[in-house]
Structure formats: structure tokens, C-alpha cells
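I have placed the structure first, in the form of C-alpha cells, so that the comments after it can refer back to it.
Every read-out reported here was derived from the displayed coordinates using simple, explicitly stated rules and does not represent laboratory data. No experiment lies behind these values; they were computed from the predicted model shown. Ideal geometry is used to build each Cβ from the backbone, glycine not excepted, and the neighbour counts take in all protein chains shown.
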Amino acid sequence: MPLRLPLLAVALVFLGGCGGLKESLVERGIADRRAEAGLETREVVVSERPVAYLERPGAEPALVLVHGFGASKDAWLAFARAYPEGRRLLAPDLAGHGGSVRDSSVAYDADRLADEVGAWLDAVAPGDVHVAGNSLGGAVAARLALAGPDRVRRLVLIDAAGVRGPEPTALDSALARGEVPLIPTTRAEYDRFLALAFEGDPGIPGPARDVLAADVARRAPFLRDLFRQIATESDAIRPRLGEIEQPTLVIWGAEDRILSPSAVPLWEDGLPDATTAVLPGVGHAPMQERPAETARLVTDFLPADG
């Protein structure tokens, strides 16, 4: 059975790179999808630490794409393929994810991750940018907007962390039982993770699931440390919503079982300039589950002249 590579990219929302014999098929498929989207793999050293990222050259200002918890830059492949050609895209691996290293002496939280993305932007895109983020990446993107109101022109939040919705989710129930399904360590746990994260079957063949499940298991210690940090910040952005001056697009999957869609009215009420879109039949990653629709929403929201 051939790998369904466009759907294989969906699996990378929370997962990083792979290595080894079976893994080479996955890596080759990812490389092909990067090329189809016009994305080039790059690396830059920031504060003596390498940061891996994808770039598509094009017109400024760049749209910066920030992935979520445990994911990698490849979470945005399907979106990038659907996003109009000729516009610059940048997608970094957050510290400790994908091809970016982490400083083992540093305790990472969303503020620290935002600081590191800001330093990376100083190196690769020192001018104005638009920023989009999914899940934890949304919380990072919001912090970038707060820190740089004269630099971040527009903000896109996709099922973003940082404002806690009043209605509990399936993830909340699992956490109350002492489970952390976002960090699977076996193939069976990985299958349950997919059912939690996506609405419907993402179409990932068994061999690819084996590869991806093994990869996240290898990274579980770091992910547990990170999760302990960010779990205390689930509502950290809410008190500062009124300070976000930039026009902001909030996109959410109506079937999100990780971060509740009930957060959308809170974002809408708190932000000075908000546009919202809730997508029926979509889970936690609209840019993967409905890449064309998500890319159209973002394209329509951003100024045509940059």
C-alpha cells in the first residue's frame, strides 16, 4: 500500500523528524511535499543553537507559521501547498522540536519559546511580518504580537492555546484521569492520539504509524517537561487580549477535542479587532484537515499588497 503522503503530513502536527530504514520512506515523502510547496530547508545559528526552518522565497512581508506542541515545521506542508505562490513563507522548528536543538539548562515555556522565535526572526526576517500559529504555536504567536506591535502586522490564531474555553474537552477528561494522550509512547496510544486530534481517519498507513509512534516515544521525556510548563499557562493570554492591537483572525475546528471551541467567543470579545471562523467537521488542526479552506481564509484576511 503506497503512503498517502498529503495525509501523512497530517501526522506531523505533533511529531518531528524520523530516521532509519523504514523511516526513510517517510522522510522521502516529506521531502517531496516540501518541494511541491516550494519550501526549502534551511538552518541558522541563533544564540549558539541551530534553528531549523522552511522557507519559500517571495514577496514581503513574510507569513511566519508556528507549529504546536510536539510538532515540527512540516505541520504546515499542506497549508503551504494551498497558499498563493509568490508570497514568502517561513516555518521554524520550535526549540527541542524537529531539527532544532534545545538548551538542556533552560526550562522552556511559551514565553521562552516566543523569545527564541523572536531572536530567530531577527536573523532571518528583520522587517515586518504576519504571524500564524496553531495550538501552542498560537500562544507563541500571540506573545510575539504583544511583544512587537510595530513589527507583527497581522495575527492568525488556529485552535490557539492561551485562552481557556469554559466547556471541557476530551483532553481535559483524560488529564483528570492522570493521562497525557498528547504524548503517546506505544503504537496503541498513538492511534488513540490520532483519534483525539483529528476528526475522522487521517489515512496514515500502518507502517507510517509505526515510524511516527516510535519517534514521539523517543522524544517523550522532553515533551513531558514542556507539557508540565505549558499546562500552567492555559489561560495566560486572556488577561492581555485587549493589548493585542493587530487585526486578528481566529480559526477553530468545531470538533476540536483538545482545545475547546468555546474559547472562540472569549477571543472575539477580548480582542480589539477580531475576525472569527469556526469550521464544522474539523478537529484540532484545520491547516491540515482543511488546508485549502484555511489557506483561503488566511489569504483573504491578509492585505493583498502585503
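For the reader, a short list of remarks on this structure follows.
- Residues within the stretch 174-192 that are part of a loop (DSSP other than H, G, I, E, B) and closer than 15 Å to I258 by Cβ, tallied: 6
- Positions within the stretch 257-285 being of a type in the set (S, T, N, Q) and assigned to a loop (DSSP other than H, G, I, E, B), in sequence order: S260
- With respect to the conditions (1) acidic (D, E); (2) within 26 Å of P291 (Cα to Cα); (3) outside any loop (DSSP other than H, G, I, E, B), D115 falls short on a single one, namely (2).
- Which numbered condition F222 misses (of (1) among the aromatic types (F, W, Y); (2) in contact (Cβ under 8 Å) with a residue 40 or more places away in the chain; (3) under 21 Å from V282 (Cα atoms)): (3)
- Scanning the stretch 295-306 for residues that are surrounded by 17 or more Cβ atoms within 10 Å (Cβ to Cβ) and in a loop (DSSP other than H, G, I, E, B) gives a single hit, L302.
- Scan the stretch 141-173 for residues that are over 14 Å from T248 (Cα atoms), part of a helix (DSSP H, G or I) and either in contact with a strand residue (DSSP E or B) (Cβ under 6 Å, 6 or more places away or on another chain) or of a type in the set (A, V, I, L, M, F, W, C) (or both) and the total you get is 3.
Conditions tested, residue by residue: (1) hydroxyl-bearing (S, T, Y); (2) within 24 Å of R153 (Cβ to Cβ); (3) surrounded by fewer than 22 Cβ atoms within 10 Å (Cβ to Cβ); (4) touching a helix residue (DSSP H, G or I) at 6+ places or on another chain (Cβ under 7 Å).
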position	(1), (2), (3), (4)
R218	no, no, yes, no
R240	no, yes, yes, yes
W252	no, yes, no, yes
I258	no, no, no, yes
P261	no, no, yes, no
Q288	no, no, no, yes
E293	no, yes, yes, no
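- Among the numbered conditions (1) touching a Ser or Thr at 6+ places or on another chain (Cβ under 7 Å); (2) surrounded by fewer than 18 Cβ atoms within 10 Å (Cβ to Cβ); (3) closer than 25 Å to R219 by Cβ, the only one that E167 does not meet is (3).
- Extreme residue, surrounded by the fewest Cβ atoms within 10 Å (Cβ to Cβ), among residues of the stretch 101-151 that are of a type in the set (D, E, K, R) and more than 21 Å from D273 (Cα to Cα): D122
- When the stretch 237-256 is limited to residues that are in a helix (DSSP H, G or I) and farther than 22 Å from L63 by Cα, the one that is nearest to the chain's Cα centre (by Cα) turns out to be R238.
- For first residues located in the stretch 179-201 and over 11 Å from L212 (Cα atoms) and free of Cβ contacts under 8 Å to residues at least 24 places away in the same chain, partners that are basic (K, R) and not in a loop (DSSP other than H, G, I, E, B) and lie 6+ apart or on another chain with Cβ distances below 7 Å form the pairs P181/R192.
- For the stretch 267-277, the tally of residues that are closer than 21 Å to Y83 by Cα and touching a helix residue (DSSP H, G or I) at 6+ places or on another chain (Cβ under 6 Å) stands at 2.
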